Each structure stands twice: as C-alpha cells, then as structure tokens.
Amino acid sequence: MPQVKINIQEKKDKICQKLGDWKVVQDFVQSSGFDSVMLNLISQVENDNRFTPKFKDIFNAFVYCPYNKLKVVFVGQDPYPQLDVADGISFSCSYTNKEQPSLRYIFDELEIQYPNSNRNTDLKRWSKQGVLMLNTALTVSIGKIGSHYDIWKPFAAYLFSELNKRDDLVFVCLGKKAEQWEHYMNNNHIIKVSHPASAAYKGGKWNSQDLFKQVNNCLESMDKPLIVW
C-alpha cells in the first residue's frame with residue numbers, strides 16, 4: 001500500500017479549532033506526544049489496518065461537551081469496533097440510530113431509574129449538559145477490542161491528571177479497565193460499576209447500582225444542575 005501523505009501539523013491545528021475551551025486537550029494535541037499517536041495511526045492505515053471512529057470524529061467527546069460545563073466523566077474502554085458505528089462519543093450510535101447491546105442495557109436501566117428518559121441513540125444531548133462520554137482509547141482497529149489501548153495510554157494519563165486538579169467532578173468508572181485509572185481521579189467523587197458490555201456478553205441484567213440517580217445525587221450535593229437523562 002502506498003505511503004499516506006498527511007500534514008500532521010495541519011491536522012493538529014484543525015483538531016484544536018474544534019476543541020473550543022478544552023485548552024488541556026489542545027495542549028496535548030500540539031505536543032510531541034500526540035505526534036506519536038498520529039504516526040501510529042498513520043502506520044495503521046499504511047498497513048491496511050482500518051480503525052474506527054473516523055479521524056474527524058476522534059475528539060467528538062470533547063467537541064460536544066464544553067469544558068466550562070463539565071460535571072461528569074464516564075470512563076469506558078474502546079469505541080464500538082464495528083465499521084461506521086462509533087461516532088466519537090462513547091456508547092453513542094448517532095450514525096446508525098440503532099442501539100448497540102451496551103447502549104440497550106444502559107437505556108433499559110435508565111428507564112427503571114427515570115421512566116421518562118430518552119432512548120435517542122445520539123448522546124450529544126448528554127455531552128452538551130457537561131457529561132464527558134469518554135473511552136480511554138479514542139480509536140480501535142476494526143473488530144479488535146483493546147488494540148489501540150497502548151496508543152492512547154499517554155493521553156489518558158495526561159487528561160486524568162489534568163482533570164484531577166479539580167475537585168468538583170463525578171467520575172464513573174465502567175468496568176475493571178476503567179478502575180485502573182482511579183488513582184488519577186482521587187480528588188473527585190468516583191462511582192464504580194460493571195461495564196454494560198459485560199452484561200451483554202453474559203446475558204441478563206446490567207447491575208448499574210442506580211448509577212444515573214447516584215450521579216445526580218452527587219451533583220445535587222455540590223449544588224450543580226442535574227443531568228436530564
């Protein structure tokens with residue numbers, strides 16, 4: 001396959017323009033650390049290893065969640081590994097408008113806690129309220145869960161360290177992989193539950209421990225606006 005010609009600085013500048021008030025992310029994007037991420041992704045393409053989401057969507061979790069509204073951080077692992085499903089916001093399915101199993105479990109549980117909740121598969125509505133729907137790996141090879149975890153590990157460590165300078169956030173760790181980062185979040189409130197994908201794999205009910213009510217209870221205790229799920 002011919003080499004992919006990409007102007008890395010031009011790409012970085014375009015990403016930063018979209019990131020609004022996320023200066024901490026802009027700083028990483030303009031660093032040599034992100035050059036390493038870019039070169040790794042370029043190498044993937046050159047070797048005909050397709051990844052998802054599309055490059056233009058990789059930072060959508062931040063693009064649609066203004067930093068000045070940030071209240072809650074959901075921490076997952078990977079984007080959906082199927083082609084053309086992931087949209088850059090974890091669990092969101094805005095391109096297909098079809099609930100993936102994990103999202104179905106989330107909505108089923110949400111309806112128990114908030115019967116009037118919305119099952120729209122586009123989760124930008126949560127992002128816009130200050131919920132950062134984040135995967136610790138922002139990309140994944142098609143069909144290969146966990147394949148880009150190491151590529152994004154420096155970014156995840158940097159981001160959580162920066163966010164942990166605050167003490168007014170609610171972190172939701174979904175599954176054991178997310179819990180490995182909890183020492184980066186210890187200035188803030190941490191809620192730990194199993195990943196909904198585990199219920200999807202095993203069948204049965206996802207035990208969310210009243211997660212969505214827990215989040216709003218935490219926000220209420222800090223006199224912050226509640227999330228309309």
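The values are calculated or read from the model by the stated rules, or taken from the named source; none is laboratory data. All values derive from a computational prediction rather than experimental measurement. Cβ atoms come from the backbone with ideal geometry, glycine included; neighbour counts cover every protein chain shown. Remember, those area values only see protein heavy atoms, side chains included, never the ligands or the DNA or RNA. Shrake-Rupley method; radii C 1.70, N 1.55, O 1.52, S 1.80 Å.
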Of all residues in the stretch 100-130, count the ones that are part of a helix (DSSP H, G or I) and touching a strand residue (DSSP E or B) at 6+ places or on another chain (Cβ under 8 Å). 2
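Okay, residues lined up against (1) at pLDDT 95 or above; (2) part of a loop (DSSP other than H, G, I, E, B); (3) over 15 Å from the mean Cα position of the chain (by Cα):
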{"residue": "153", "(1), (2), (3)": "yes, no, no"}
{"residue": "157", "(1), (2), (3)": "yes, no, no"}
{"residue": "165", "(1), (2), (3)": "yes, yes, yes"}
{"residue": "192", "(1), (2), (3)": "yes, no, yes"}
{"residue": "197", "(1), (2), (3)": "no, no, no"}
Residue 140 passes all but one of (1) buried (at least 17 other Cβ atoms within 10 Å of the Cβ); (2) of a type in the set (Val, Ile, Thr); (3) over 22 Å from residue 106 (Cα atoms); which number fails? (3)
Mind checking which pairs have a first residue in the stretch 142-162 that is over 14 Å from residue 76 (Cα atoms) and touching a residue at least 60 places away in the same chain (Cβ under 8 Å) and a second that is open to solvent by 50 Å² or more (accessible area, probe 1.4 Å) and assigned to a helix (DSSP H, G or I), Cβ under 8 Å, 6 or more apart or different chains? 151/40; 154/36
Taking the stretch 217-228 as the region of interest, how many residues are in contact with a helix residue (DSSP H, G or I) (Cβ under 9 Å, 6 or more places away or on another chain) and part of a helix (DSSP H, G or I)? 0
Look at residue 208 and say whether it is over 22 Å from residue 167 (Cβ atoms), at pLDDT 95 or above and in contact with a helix residue (DSSP H, G or I) (Cβ under 6 Å, 6 or more places away or on another chain). yes
Out of the residues in the stretch 153-194 meeting the condition of being touching a strand residue (DSSP E or B) at 6+ places or on another chain (Cβ under 6 Å) and not aliphatic (A, V, I, L, M), tell me which one is surrounded by the most Cβ atoms within 10 Å (Cβ to Cβ). 171
When you scan the stretch 104-116, do you find a residue that is closer than 28 Å to residue 164 by Cβ, more than 20 Å from the chain's Cα centre (by Cα) and surrounded by fewer than 18 Cβ atoms within 10 Å (Cβ to Cβ), even just one? yes
Those residues of the stretch 3-22 which are in contact (Cβ under 8 Å) with a residue 12 or more places away in the chain and either part of a helix (DSSP H, G or I) or of a type outside the set (D, E, K, R) (or both), in sequence order: 3, 4, 6, 8, 11, 12, 15, 16, 18, 19, 20, 22
Matching entry among 68, 49, 97 (being in a loop (DSSP other than H, G, I, E, B), surrounded by fewer than 21 Cβ atoms within 10 Å (Cβ to Cβ) and at pLDDT 95 or above): 97
Being open to solvent by less than 10 Å² (accessible area, probe 1.4 Å), under 19 Å from residue 145 (Cα atoms) and assigned to a helix (DSSP H, G or I) is true for just one of 37, 25. Which residue is that? 37
Being over 16 Å from residue 79 (Cβ atoms) and among the polar types (S, T, N, Q) is the filter here; which residues of the stretch 41-52 pass it? 43, 47
Has the stretch 72-88 got any residue that is over 19 Å from residue 200 (Cβ atoms) and part of a helix (DSSP H, G or I)? no
